[in-house]
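Let me begin by presenting the structure, written as structure tokens, before commenting on it.
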Amino acid sequence: MALQLDIVTPEKKIFSDTVDNVYLPGADGEMGILPQHAGLVTALKPGELRYLHNGKVERLAIGSGFAEVSQSKVVVLTDMALGEAEIDELNAEEAIKRAQEKLQGVEHSMDAEEVAYLQGVIAKSAAALHFKKTFRH
Amino acid sequence: MANLRDIRRRIKSVKNTAQITRAMQLVAAAKMKKAQDQALGGREYAKQLTQMLFDMRKNFGEESHPLLERRQGGRELVLVISTDKGLCGPINTNLARKIKLQASPDAHFVTVGRKLRTMAEKLGIKVIADFTVKDPVPFSQARPIAKFITQQFLDGNYDKVSIAFTSFVNTLRQEPEVVTLLPIQGHRKGEEQAFEEIGAGFKVEEHENDAACDYIFEPSPAGVLAAILPLYVNYEVFQALMEARASEHSARMVAMKSATDNAKKFIKELTLEYNKLRQGAITAELLEITTAMKAME
């Protein structure tokens, strides 16, 4: 019994194939999805997504987003999905710095949405950095 | 009868024009490729997001989020996405015609792109806000637009928000479209129709088994809904912007190509005429010389 996994970002479809299992960084903690899982919609927080594909564990750093599990299909919508090789540490560090500077600027204006967005950027880049450090070859 | 020098001058000026249109065609072609890739790449995300909302529809009623609430009034706000520059064929006029047909006559407008903004002034349409968007479209510029129209809707200033843009079909074809953005439709209880979608030709899939639509939500149904709906609005606006941009560059490329072709044809005709005249002039001259020689003998 296989599980159809689709990983989609606004730029392109990152992955679409059958896998044996998927581990998602859910909003309330990591969750493992096996075939025949009950219908589920979950928010995702930035972190590590891994799946078993052709007997090999593949890992991706993903940003925030949503995942939908239905019947034997998992759809992951996220604003970032990068493999270890694609993460640029310097880039990520700069992104965090820029976002933090901006955050200090807007916090006074109490623009809740902007603050949430910037915090999202920071969390996303931090997750990518952490991922890179953990799985460096 | 036109003289030789006049024709020569005209050929020169047409050649100049052809050079310019050809340069514009090449620039548009390069931008077109990028814009088309971006728009097509974004479709999958928009599609999956829509599908997700559709699958969730049975779990929520209209009352569960203000963005879903259908109101009685007819006050409409239309977000119009036109181009900043002209010379891109008929896409702006086509869009204007489509709006006239589909939007309510006393609708208010939010414009993106200069072309329809200036046209709106002439037509006496009320524009409440105007945005400019860079090329290629960055997502960060879609957010303020989405935020503005969402706010207008939530404040109760308008009962319906539509979005008018030119949908990209292929390089030779772009379709003007007006679709309803707010209240978010199609994932209401008991309503099975596929809902209007940004991006050509997409229909949501129906699950055969209704039980499959009973979902567990994490962290909570309300939490998921409150996060996913604004995201949906953002990405619909973003996708519409990208579609419009891809259409613009495609239309401009095609328009400039036909202009270049026309100019080339024109040059050919003028050259033919020029050569005929030149030949006539030479013959006349020869004739004069021979007659003069004959007369002297």
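The values are calculated or read from the model by the stated rules, or taken from the named source; none is laboratory data. Fair warning: this is a prediction, and the values are worked out from it, not measured in the lab. Using ideal geometry, Cβ is built from the backbone for each residue, glycine included, and neighbour counts are taken over all protein chains shown. Just the protein is used for accessible areas: all its heavy atoms, side chains included, with ligands, DNA and RNA removed. Shrake-Rupley method; radii C 1.70, N 1.55, O 1.52, S 1.80 Å.
Under the condition of being farther than 21 Å from A:ILE87 by Cα, surrounded by 14 or more Cβ atoms within 10 Å (Cβ to Cβ) and within 12 Å of chain B (Cβ to nearest Cβ), the residues counted in the stretch A:34-68 number 9.
Just the residues that are in contact with a strand residue (DSSP E or B) (Cβ under 7 Å, 6 or more places away or on another chain) and touching a residue at least 60 places away in the same chain (Cβ under 8 Å), please, taken from the stretch B:129-149. Within the stretch B:129-149, B:VAL133, B:ILE145, B:ILE149 meet the criteria.
Considering only residues that are free of Cβ contacts under 8 Å to residues at least 40 places away in the same chain and more than 14 Å from every other protein chain (Cβ to nearest Cβ), which ones fall in the stretch A:69-86? Break it down stepwise before answering.
Taking the stretch A:69-86 and keeping what is free of Cβ contacts under 8 Å to residues at least 40 places away in the same chain, we get A:69-71, A:83, A:85-86.
Selection gives A:GLY83, A:ALA85, A:GLU86.
Please verify whether B:ALA96 is under 15 Å from B:ILE163 (Cα atoms), part of a helix (DSSP H, G or I) and within 14 Å of chain A (Cβ to nearest Cβ), treating the condition exactly as stated. Can you show your working first?
Details: under 15 Å from B:ILE163 (Cα atoms): yes; part of a helix (DSSP H, G or I): yes; within 14 Å of chain A (Cβ to nearest Cβ): no.
Considered against the rule, which asks whether it is under 15 Å from B:ILE163 (Cα atoms), part of a helix (DSSP H, G or I) and within 14 Å of chain A (Cβ to nearest Cβ), B:ALA96 comes out as no.
If I filter the stretch B:68-90 down to residues being of a type in the set (Lys, Arg) and touching a helix residue (DSSP H, G or I) at 6+ places or on another chain (Cβ under 8 Å), which single residue comes out as modelled with the lowest pLDDT? Selected residue: B:ARG70.
The set of residues from the stretch A:1-33 being hydrophobic (A, V, I, L, M, F, W, C) and away from chain B (no Cβ under 14 Å) comprises A:MET1, A:ALA2, A:LEU3, A:VAL19, A:VAL22. What is the number of the single condition among (1) farther than 30 Å from A:LEU77 by Cα; (2) part of a helix (DSSP H, G or I); (3) in contact (Cβ under 8 Å) with a residue 24 or more places away in the chain that B:LYS85 does not meet? Single failed check for B:LYS85: (2). When B:THR50, B:THR93 are checked against the criterion of being within 27 Å of A:THR9 (Cα to Cα), out of contact with any helix residue (DSSP H, G or I) (no Cβ under 6 Å at 6 or more places or on another chain) and among the hydroxyl-bearing types (Ser, Thr, Tyr), B:THR50 stands alone in meeting it. Just checking, does the stretch B:90-97 include any residue being out of contact with any Gly (no Cβ under 8 Å at 6 or more places or on another chain), over 28 Å from B:ARG22 (Cβ atoms) and not hydroxyl-bearing (Ser, Thr, Tyr)? Yes.
The set of residues from the stretch B:58-80 being open to solvent by less than 10 Å² (accessible area, probe 1.4 Å) and either in a helix (DSSP H, G or I) or farther than 30 Å from A:ALA67 by Cα (or both) comprises B:LEU67, B:LEU68, B:LEU77, B:VAL78, B:VAL80.
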